[in-house]
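Written below as structure tokens is the structure these notes are about.
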Amino acid sequence: MAISPVNPYAGYGTVVTGERFVGRENTLGLLHRTVGAGYSSRALVGEPRIGKSSIARLFLDQLSGDRKINASWVDLSSVETNLTLFDAIYDALVETVHLPSLRQAGSSAVPFTGTKELLRSSTADGRRHVMVIDEFDAVRGMESSNLSVRRLRELISRPSDFGLTVLLCCRRRLSSIEKQIPNLSDLVGVCQAIYVKPFTPAELTEMVARRWKEGLPKAEADSLDEIAGGHPFLSEAFLFELAEGCHYEEAIERSRDTLNSYFKKLLVLLEEDDLLQAARDVAVDGHSVPSTELDALIDYGLINRKTSGLALWSAAFAELLSNEARPVDRWSTDA
């Protein structure tokens, strides 16, 4: 293949913006009709690097022209663990409305009470707030996480009173996060999940067309499907190597470290979510699994229903699971 003078996949692994962003129209539309319209909060749930933050960023950018909306962003992965969730929320709101912070060092009361006062003041002025809380899984390790999440539930369950809707971005289902926080009330009931799944064939075709307008040759297309199964990050990593002029077998080899690192993280996530055995059963011989676990794996987009039965989203990941007890020739995480 000829080498492209500018590799359109060179930014893989970073938040996707501009012409790199493809698809996701249905998800964005739903976010605007719910969170953006101020009716209710939602949680974007999906496996790592599936595109949750990219969707959330574009969503906030699209709201920027509405003067009645104060849009803010909180990344919990960058918040110190000795702080509470409302330390982060309050600071983000204060920065958004350009007000001096009332929080004093060592005070745990001001962030929550200050947040309520700020929100009520904004509502009285006809404004409302839309907040993205990225990497929400990190709340599990924060100070007073159970109290903070209960307080968040109080605010987002009353959008007409406080004028706040939030979009949580998380790798795990909210029910799984709640299991790891003691004495936590139900957040799921006021923050329904929107699952971010691998690309549809049409979305993947759009990504490929940034370099290959007529599509990939069959061998390359088959390799892309086997490795990535429509996963945006893994797809871009493989396409980057192809666009550098690599033969598809060399591109597979050069993508190995990225692939293995990702699969290791996914294994940990599935184990923590009590879904690893179900995924393994499907990978090994298509065993039936309990409906609740099957539904969760389908929601994540990790299992697809095909005419031949159930199949994991990535043939490479399926091979890894089915060969865990012995060395894996092609996709071993020990390579």
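Observations on the model:
- Folded to 0 to 90 degrees: helix 276-285 orientation relative to the chain principal axis, Cα: 20 degrees
- Approximating the spin labels as points 7 Å out from Cα along Cα→Cβ, the ARG150-to-ARG127 distance works out to 3.1 nm.
- Efficiency of FRET from Cβ geometry, ASN82 and GLU25, R₀ 45 Å, rounded to 0.05: 0.65
- Working note: Debye formula, equal point scatterers on the alpha-carbon atoms of the chain, no solvent; log10 I(q)/I(0) at q = 0.07, 0.08, 0.12 Å⁻¹ is -0.33, -0.43, -0.90.
- Cross-linked pairs LYS52/LYS179; LYS265/LYS306; LYS68/LYS116: Cα-Cα separations exceed 24 Å for LYS265/LYS306.
- Separation of alpha-carbon centers, the range 46-69 and the range 214-264, rounded to whole Å: 27 Å
- Distance histogram in 5 Å bins (all Cα pairs of the range 150-241, percent per bin): 2, 11, 18, 15, 8, 9, 9, 11, 9, 6, 2, 0
- Inter-label distance, LYS218 to SER157: 5.8 nm, where each label sits 7 Å from its Cα along the C-beta direction.
- For the residues GLU249, GLU226, GLU214, a GNM of the chain with alpha-carbon springs under 10 Å puts the largest fluctuation on GLU214.
- Taking the protein heavy atoms of the range 212-317 in the context of the full set of protein chains, the accessible area attributed to carbon and sulfur is 47 percent at 1.4 Å.
- In this Cβ point-charge picture (+1 for Lys and Arg, -1 for Asp and Glu), the chain has a dipole of about 1240 debye about its Cα centre.
- Net charge of the neighbourhood of CYS246, taken over other residues with C-beta under 9 Å away and scored Lys/Arg +1, Asp/Glu -1, is -4.
- Each of LEU270, ILE252, ALA318 was scored by the projection of its Cα onto the charge dipole of the chain, and the greatest displacement toward the positive side belongs to LEU270; charges sit on the C-beta of Lys, Arg, Asp and Glu.
- Restricting attention to the chain, close to 15% of DSSP beta bridges with both partner residues there are antiparallel.
- Note on the range 145-204: dipole from Cβ charges, positive end direction compared against ILE177, VAL149, PRO198; the farthest Cα belongs to ILE177.
- Over the range 215-323: Kirkwood hydrodynamic radius from C-alpha pairwise inverse distances, Å: 14.5 Å
- The modelled label-to-label distance for the pair GLU117/VAL97, using points 7 Å beyond Cα in the direction of Cβ, is 1.1 nm.
The values are calculated or read from the model by the stated rules, or taken from the named source; none is laboratory data. Since this is a predicted model, take the numbers as computed values, not measurements. We place every Cβ from the backbone using ideal geometry, glycine too, and count neighbours over all the protein chains shown. Just the protein is used for accessible areas: all its heavy atoms, side chains included, with ligands, DNA and RNA removed. Shrake-Rupley method; radii C 1.70, N 1.55, O 1.52, S 1.80 Å.
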